[in-house]
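Undergrad: Please see the structure below; I have some questions.
Derivation of every value follows stated rules applied to the coordinates shown; laboratory data play no part. What you are looking at is a predicted structure, and each value in this text was computed from that prediction instead of being measured. When we count neighbours, we look across all protein chains shown, and the Cβ atoms used for this are built from the backbone with ideal geometry, even at glycine.
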Amino acid sequence: MNRAILTICIVLASLAGGCCSIMSGDSQRVAITSSPKGATVTTEDGVMITTPGVMHLKRKEAHTLTAELPGYVTKSMTFEREWNGWLWADLLWDLGIFTWPIDFGTGSAWQLKPKAVNFKLRMADVGGR
């Protein structure tokens, strides 16, 4: 009887998902603005928006965004990843035995920094002026 209950608990825990997956998901909403507005911002895999706008970036990968606007110097910005605070809840739930593999596998164990980006673009030098 105890072995059956343990097996059921293990199966349910492995199907449930980790706290990071449930609370944060595998992507993060990032607000993107620029000064001046109207810049085209592109990710390394070709996703594009015009500022101001919002991108949903996968937490599992590192990202570099590039802002371009005619007459302005192109500017890039790289996101840093850090551990998601919900990993602590996984430790309380099951010591991370089942939940950490789920959260790290989906990428939800990470959060991207910064949470919002403002590209301050400067005018390109035209004719050496």
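Undergrad: Can you tell me the length gained on complete extension of the stretch Arg29 to Ala4, counting 0.36 nm per residue apart and subtracting the Cα distance?
TA: Numbers: separation 25, 0.36 × 25 = 9.00 nm, distance 4.17 nm.
Residue separation times 0.36 nm, minus the Cα-Cα distance, leaves 4.8 nm.
Undergrad: Then there is this: What ranking, highest mean first, results for peptides 33-46, 108-121 when packing means the other Cβ atoms within 10 Å averaged over each residue?
TA: Top of the packing list down: 108-121, 33-46.
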